[in-house]
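Notes for the one structure printed next.
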Amino acid sequence: MSLGIIATKRRIKSVNSTKKITKAMELVSTSKLKRCRDAFDRNSVYTSETLDLVQEVLANVKNVDNQYLAKKDIKSKLYIVITSNLGLCGGYNANVYSLVRDNVDLENDYLITLGSKGNSYFNKRGYNIVHSINEETTGLEQEASKQIALKALEMFTNDSVGEVHIIYTKFVNSLTFRAEDLKLLPVEVEKKEVSGPTQELMIEPDANEVLNELLPFYFNSVIYGSLIESHASEAASSRTAMENATDNAAAIRGKLLIQYNKARQSAITQEITEVVAGANASS
(Lines give C-alpha, C1' and ligand atoms only; values in the text may rest on other atoms or scores of the structure.)
Protein backbone atom coordinates (compact mmCIF):
# COMPACT_ATOMS: atom_id res chain seq x y z
CA MET A 1 0.00 0.00 0.00
CA SER A 2 1.43 3.39 -1.02
CA LEU A 3 2.18 6.19 1.42
CA GLY A 4 -0.53 8.37 -0.18
CA ILE A 5 -3.22 5.77 0.51
CA ILE A 6 -2.05 5.32 4.12
CA ALA A 7 -2.10 9.09 4.72
CA THR A 8 -5.59 9.42 3.22
CA LYS A 9 -6.82 6.54 5.37
CA ARG A 10 -5.46 8.27 8.50
CA ARG A 11 -7.20 11.53 7.53
CA ILE A 12 -10.50 9.71 7.07
CA LYS A 13 -10.12 8.19 10.54
CA SER A 14 -9.33 11.61 12.02
CA VAL A 15 -12.32 13.25 10.31
CA ASN A 16 -14.59 10.44 11.54
CA SER A 17 -13.44 11.07 15.12
CA THR A 18 -14.03 14.81 14.76
CA LYS A 19 -17.48 14.18 13.32
CA LYS A 20 -18.43 12.00 16.30
CA ILE A 21 -17.27 14.69 18.76
CA THR A 22 -19.12 17.55 17.04
CA LYS A 23 -22.27 15.44 16.78
CA ALA A 24 -22.11 14.63 20.50
CA MET A 25 -21.62 18.33 21.34
CA GLU A 26 -24.55 19.21 19.10
CA LEU A 27 -26.80 16.79 21.03
CA VAL A 28 -25.61 18.18 24.38
CA SER A 29 -26.37 21.74 23.23
CA THR A 30 -29.84 20.69 22.06
CA SER A 31 -30.60 19.19 25.47
CA LYS A 32 -29.28 22.30 27.26
CA LEU A 33 -31.36 24.57 25.01
CA LYS A 34 -34.57 22.72 25.89
CA ARG A 35 -33.89 22.96 29.64
CA CYS A 36 -33.11 26.68 29.42
CA ARG A 37 -36.22 27.45 27.36
CA ASP A 38 -38.46 25.59 29.82
CA ALA A 39 -36.91 27.48 32.77
CA PHE A 40 -37.24 30.81 30.94
CA ASP A 41 -40.93 30.22 30.20
CA ARG A 42 -41.60 29.48 33.88
CA ASN A 43 -39.73 32.59 35.05
CA SER A 44 -41.51 34.82 32.50
CA VAL A 45 -44.82 34.15 34.27
CA TYR A 46 -43.34 35.11 37.65
CA THR A 47 -41.70 38.29 36.29
CA SER A 48 -44.91 39.33 34.54
CA GLU A 49 -47.00 38.81 37.67
CA THR A 50 -44.51 40.78 39.79
CA LEU A 51 -44.51 43.66 37.29
CA ASP A 52 -48.32 43.70 37.26
CA LEU A 53 -48.32 43.97 41.05
CA VAL A 54 -45.82 46.87 40.97
CA GLN A 55 -47.94 48.67 38.37
CA GLU A 56 -51.05 48.12 40.47
CA VAL A 57 -49.38 49.62 43.54
CA LEU A 58 -48.18 52.65 41.55
CA ALA A 59 -51.64 53.13 40.04
CA ASN A 60 -53.14 53.46 43.50
CA VAL A 61 -50.71 56.00 44.95
CA LYS A 62 -50.01 59.53 43.82
CA ASN A 63 -46.54 60.45 45.03
CA VAL A 64 -44.01 57.71 45.62
CA ASP A 65 -40.51 58.56 46.76
CA ASN A 66 -38.73 55.23 46.45
CA GLN A 67 -34.98 54.61 46.28
CA TYR A 68 -35.33 52.13 43.38
CA LEU A 69 -37.42 54.50 41.27
CA ALA A 70 -35.51 57.74 41.85
CA LYS A 71 -33.32 59.07 39.05
CA LYS A 72 -29.82 60.11 40.13
CA ASP A 73 -27.45 62.74 38.81
CA ILE A 74 -24.47 60.38 38.83
CA LYS A 75 -22.39 59.83 35.70
CA SER A 76 -21.07 56.33 36.48
CA LYS A 77 -23.10 53.28 35.48
CA LEU A 78 -22.90 49.61 36.35
CA TYR A 79 -23.17 47.03 33.57
CA ILE A 80 -23.88 43.36 34.24
CA VAL A 81 -22.34 41.50 31.29
CA ILE A 82 -23.18 37.87 30.50
CA THR A 83 -20.79 35.81 28.35
CA SER A 84 -19.86 32.13 28.17
CA ASN A 85 -17.26 30.03 29.97
CA LEU A 86 -16.51 27.96 26.87
CA GLY A 87 -15.82 28.63 23.22
CA LEU A 88 -17.22 26.84 20.16
CA CYS A 89 -20.42 28.90 20.25
CA GLY A 90 -20.20 30.92 17.05
CA GLY A 91 -20.47 34.70 17.36
CA TYR A 92 -22.24 34.59 20.75
CA ASN A 93 -19.46 36.30 22.75
CA ALA A 94 -18.31 38.59 19.93
CA ASN A 95 -21.75 40.22 19.75
CA VAL A 96 -21.68 40.97 23.49
CA TYR A 97 -18.13 42.37 23.28
CA SER A 98 -19.19 44.70 20.46
CA LEU A 99 -22.17 46.06 22.43
CA VAL A 100 -20.03 46.65 25.53
CA ARG A 101 -17.44 48.57 23.49
CA ASP A 102 -20.20 50.76 22.05
CA ASN A 103 -22.07 51.48 25.31
CA VAL A 104 -19.63 51.33 28.23
CA ASP A 105 -17.44 54.27 29.26
CA LEU A 106 -14.03 52.74 29.99
CA GLU A 107 -13.09 55.47 32.50
CA ASN A 108 -16.31 55.97 34.48
CA ASP A 109 -18.40 52.79 34.28
CA TYR A 110 -18.16 49.50 36.16
CA LEU A 111 -18.69 45.89 35.11
CA ILE A 112 -19.99 42.74 36.75
CA THR A 113 -19.04 39.84 34.49
CA LEU A 114 -20.52 36.37 34.25
CA GLY A 115 -18.44 33.93 32.26
CA SER A 116 -14.68 33.45 32.11
CA LYS A 117 -14.52 34.47 28.44
CA GLY A 118 -15.88 37.93 29.16
CA ASN A 119 -13.88 38.36 32.36
CA SER A 120 -10.63 37.59 30.52
CA TYR A 121 -11.53 39.80 27.53
CA PHE A 122 -12.48 42.88 29.58
CA ASN A 123 -9.64 42.48 32.09
CA LYS A 124 -7.08 42.63 29.27
CA ARG A 125 -8.65 45.84 27.95
CA GLY A 126 -8.65 47.72 31.24
CA TYR A 127 -12.36 47.71 32.14
CA ASN A 128 -13.20 48.28 35.81
CA ILE A 129 -14.58 44.90 36.94
CA VAL A 130 -16.00 45.07 40.47
CA HIS A 131 -17.28 41.50 40.64
CA SER A 132 -17.05 38.39 38.47
CA ILE A 133 -18.47 34.87 38.36
CA ASN A 134 -16.30 32.57 36.29
CA GLU A 135 -17.79 29.22 37.26
CA GLU A 136 -20.35 27.42 35.13
CA THR A 137 -23.79 28.76 36.13
CA THR A 138 -26.05 26.55 34.02
CA GLY A 139 -28.49 25.02 36.49
CA LEU A 140 -27.31 27.46 39.17
CA GLU A 141 -28.89 30.60 37.73
CA GLN A 142 -30.85 31.43 40.90
CA GLU A 143 -27.75 31.50 43.11
CA ALA A 144 -25.81 33.54 40.55
CA SER A 145 -28.63 36.05 40.00
CA LYS A 146 -29.05 36.60 43.77
CA GLN A 147 -25.32 37.22 44.15
CA ILE A 148 -25.31 39.72 41.29
CA ALA A 149 -28.51 41.44 42.45
CA LEU A 150 -27.13 42.03 45.95
CA LYS A 151 -23.95 43.62 44.59
CA ALA A 152 -25.81 45.77 42.04
CA LEU A 153 -28.42 46.96 44.57
CA GLU A 154 -25.66 47.83 47.04
CA MET A 155 -23.80 49.96 44.50
CA PHE A 156 -27.00 51.70 43.40
CA THR A 157 -28.36 52.47 46.88
CA ASN A 158 -25.02 53.80 48.20
CA ASP A 159 -24.80 56.14 45.15
CA SER A 160 -21.71 54.53 43.61
CA VAL A 161 -23.60 54.44 40.29
CA GLY A 162 -26.58 56.27 38.84
CA GLU A 163 -27.86 53.44 36.65
CA VAL A 164 -27.65 49.66 36.44
CA HIS A 165 -27.81 47.92 33.05
CA ILE A 166 -27.54 44.33 31.93
CA ILE A 167 -25.99 43.30 28.61
CA TYR A 168 -27.16 39.85 27.65
CA THR A 169 -28.11 37.83 24.57
CA LYS A 170 -31.83 37.85 23.84
CA PHE A 171 -33.19 34.56 22.52
CA VAL A 172 -35.56 35.05 19.57
CA ASN A 173 -35.61 31.54 18.13
CA SER A 174 -33.23 28.64 17.57
CA LEU A 175 -31.46 30.50 14.75
CA THR A 176 -31.82 34.13 15.86
CA PHE A 177 -30.37 35.78 18.99
CA ARG A 178 -29.00 39.26 19.55
CA ALA A 179 -27.04 41.13 22.21
CA GLU A 180 -29.14 43.72 24.05
CA ASP A 181 -28.61 46.45 26.65
CA LEU A 182 -31.47 46.53 29.19
CA LYS A 183 -31.73 49.27 31.85
CA LEU A 184 -32.61 47.78 35.26
CA LEU A 185 -32.21 50.65 37.74
CA PRO A 186 -33.80 53.02 38.38
CA VAL A 187 -36.80 50.79 37.71
CA GLU A 188 -39.02 52.24 35.01
CA VAL A 189 -42.57 50.90 35.02
CA GLU A 190 -45.66 52.44 33.48
CA LYS A 191 -48.60 53.10 35.74
CA LYS A 192 -51.68 51.13 34.80
CA GLU A 193 -54.45 53.29 33.44
CA VAL A 194 -57.48 52.88 35.67
CA SER A 195 -60.74 53.23 33.75
CA GLY A 196 -64.24 52.98 35.14
CA PRO A 197 -65.23 52.25 38.74
CA THR A 198 -62.52 50.45 40.66
CA GLN A 199 -62.04 49.27 44.20
CA GLU A 200 -59.32 51.18 46.02
CA LEU A 201 -56.30 49.05 46.81
CA MET A 202 -55.39 49.00 50.49
CA ILE A 203 -51.61 48.99 50.95
CA GLU A 204 -50.15 48.04 54.33
CA PRO A 205 -47.97 49.28 55.93
CA ASP A 206 -47.44 51.82 53.11
CA ALA A 207 -46.63 51.93 49.40
CA ASN A 208 -42.94 52.76 49.88
CA GLU A 209 -42.28 49.80 52.18
CA VAL A 210 -44.17 47.46 49.87
CA LEU A 211 -42.12 48.65 46.90
CA ASN A 212 -38.89 48.30 48.91
CA GLU A 213 -39.69 44.61 49.27
CA LEU A 214 -41.29 44.07 45.87
CA LEU A 215 -38.87 45.84 43.51
CA PRO A 216 -35.75 43.84 44.55
CA PHE A 217 -37.73 40.65 43.79
CA TYR A 218 -38.61 42.05 40.36
CA PHE A 219 -34.98 43.18 39.82
CA ASN A 220 -33.67 39.71 40.73
CA SER A 221 -36.20 37.93 38.49
CA VAL A 222 -35.17 40.06 35.48
CA ILE A 223 -31.50 39.19 36.05
CA TYR A 224 -32.41 35.53 36.46
CA GLY A 225 -34.47 35.60 33.25
CA SER A 226 -31.67 37.36 31.33
CA LEU A 227 -29.17 34.75 32.54
CA ILE A 228 -31.38 31.86 31.45
CA GLU A 229 -32.10 33.56 28.13
CA SER A 230 -28.36 34.04 27.55
CA HIS A 231 -27.73 30.38 28.32
CA ALA A 232 -30.44 29.41 25.85
CA SER A 233 -28.85 31.65 23.19
CA GLU A 234 -25.42 30.20 23.93
CA ALA A 235 -26.77 26.65 23.56
CA ALA A 236 -28.53 27.55 20.30
CA SER A 237 -25.39 29.21 18.93
CA SER A 238 -23.25 26.25 19.99
CA ARG A 239 -25.69 23.79 18.44
CA THR A 240 -25.65 25.69 15.14
CA ALA A 241 -21.83 25.84 15.16
CA MET A 242 -21.53 22.11 15.93
CA GLU A 243 -24.16 21.23 13.33
CA ASN A 244 -22.17 23.15 10.70
CA ALA A 245 -18.95 21.47 11.86
CA THR A 246 -20.59 18.04 11.61
CA ASP A 247 -21.84 18.80 8.09
CA ASN A 248 -18.38 20.05 7.06
CA ALA A 249 -16.76 16.91 8.48
CA ALA A 250 -19.20 14.74 6.52
CA ALA A 251 -18.40 16.66 3.32
CA ILE A 252 -14.64 16.33 3.88
CA ARG A 253 -15.04 12.62 4.64
CA GLY A 254 -16.94 12.14 1.37
CA LYS A 255 -14.17 13.83 -0.64
CA LEU A 256 -11.48 11.82 1.14
CA LEU A 257 -13.33 8.56 0.47
CA ILE A 258 -13.46 9.36 -3.24
CA GLN A 259 -9.76 10.24 -3.17
CA TYR A 260 -8.97 7.04 -1.23
CA ASN A 261 -10.98 4.81 -3.58
CA LYS A 262 -9.35 6.37 -6.65
CA ALA A 263 -5.86 5.88 -5.20
CA ARG A 264 -6.68 2.31 -4.14
CA GLN A 265 -8.09 1.46 -7.57
CA SER A 266 -5.05 3.00 -9.23
CA ALA A 267 -2.75 0.92 -7.02
CA ILE A 268 -4.69 -2.28 -7.83
CA THR A 269 -4.56 -1.50 -11.54
CA GLN A 270 -0.82 -0.87 -11.29
CA GLU A 271 -0.27 -4.19 -9.51
CA ILE A 272 -2.29 -6.09 -12.14
CA THR A 273 -0.36 -4.37 -14.92
CA GLU A 274 2.94 -5.34 -13.32
CA VAL A 275 1.81 -8.97 -12.82
CA VAL A 276 0.68 -9.24 -16.47
CA ALA A 277 3.88 -7.61 -17.71
CA GLY A 278 5.95 -10.02 -15.64
CA ALA A 279 4.02 -13.03 -16.91
CA ASN A 280 4.45 -11.90 -20.54
CA ALA A 281 8.17 -11.36 -20.03
CA SER A 282 8.70 -14.83 -18.63
CA SER A 283 6.73 -16.65 -21.36
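The values are calculated or read from the model by the stated rules, or taken from the named source; none is laboratory data. Not measured: the values here are computed from a predicted model. Reconstructed Cβ throughout: ideal geometry from the backbone, glycine too, with neighbour counts over all protein chains shown.
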Hey, does the range 207-229 have a residue that's farther than 30 Å from Tyr68 by Cα, touching a residue at least 12 places away in the same chain (Cβ under 8 Å) and surrounded by 11 or more Cβ atoms within 10 Å (Cβ to Cβ)? no
Scanning for something part of a loop (DSSP other than H, G, I, E, B), farther than 28 Å from Ala59 by Cα and modelled with pLDDT under 85, does the range 144-167 turn up at least one residue? no
Which numbered condition trips up Val187, out of (1) part of a helix (DSSP H, G or I); (2) within 17 Å of Glu56 (Cβ to Cβ); (3) hydrophobic (A, V, I, L, M, F, W, C); (4) modelled with pLDDT of 80 or more? (1)
Inspect all residues belonging to the range 244-261 and state whether any of them is aliphatic (A, V, I, L, M), farther than 16 Å from Arg10 by Cα, buried (at least 21 other Cβ atoms within 10 Å of the Cβ) and in contact (Cβ under 8 Å) with a residue 40 or more places away in the chain. no
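One line per residue, one yes/no per condition, for (1) part of a loop (DSSP other than H, G, I, E, B); (2) touching an Asp or Glu at 6+ places or on another chain (Cβ under 6 Å); (3) over 16 Å from Ile166 (Cα atoms):
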position: Glu56; (1), (2), (3): no, no, yes
position: Asn63; (1), (2), (3): yes, no, yes
position: Gln67; (1), (2), (3): yes, no, yes
position: Leu78; (1), (2), (3): no, no, no
position: Gly90; (1), (2), (3): yes, no, yes
position: Glu107; (1), (2), (3): yes, no, yes
position: Tyr127; (1), (2), (3): yes, no, no
Given (1) more than 28 Å from the chain's Cα centre (by Cα); (2) surrounded by 14 or more Cβ atoms within 10 Å (Cβ to Cβ); (3) within 20 Å of Asn220 (Cβ to Cβ), number of the condition Ala59 does not satisfy: (3)
Those residues of the range 1-33 which are within 30 Å of Glu234 (Cα to Cα) and in contact (Cβ under 8 Å) with a residue 12 or more places away in the chain amount to Val15, Asn16, Thr18, Lys19, Thr22, Lys23, Met25, Glu26, Ser29, Thr30, Lys32, Leu33
So which of Val64, Val81 ends up being modelled with pLDDT under 80 and closer than 25 Å to Asn158 by Cα? Val64
Might you let me know whether the range 46-68 holds any residue that is farther than 30 Å from Glu135 by Cα and in contact with a Gly (Cβ under 7 Å, 6 or more places away or on another chain)? no
With the checklist (1) touching a strand residue (DSSP E or B) at 6+ places or on another chain (Cβ under 8 Å); (2) modelled with pLDDT of 80 or more; (3) assigned to a helix (DSSP H, G or I) in hand, flag the one item Arg37 doesn't pass. (2)
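A quick yes/no check of all residues on (1) touching a Pro at 6+ places or on another chain (Cβ under 7 Å); (2) surrounded by fewer than 16 Cβ atoms within 10 Å (Cβ to Cβ); (3) in a loop (DSSP other than H, G, I, E, B); (4) aliphatic (A, V, I, L, M):
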| residue | (1), (2), (3), (4) |
| --- | --- |
| Lys13 | no, yes, no, no |
| Val28 | no, yes, no, yes |
| Asn43 | no, no, no, no |
| Ile74 | no, yes, yes, yes |
| Val81 | no, no, no, yes |
Check on Val100, in a strand (DSSP E or B) and more than 14 Å from the chain's Cα centre (by Cα): no
Within the range 1-11, restricting attention to residues that are modelled with pLDDT under 80 and not hydroxyl-bearing (Ser, Thr, Tyr), which residue is surrounded by the most Cβ atoms within 10 Å (Cβ to Cβ)? Ile5
Filter result for the condition that a residue is in a helix (DSSP H, G or I), over 25 Å from Lys117 (Cβ atoms) and modelled with pLDDT of 80 or more, over Glu243, Glu213, Glu234: Glu213
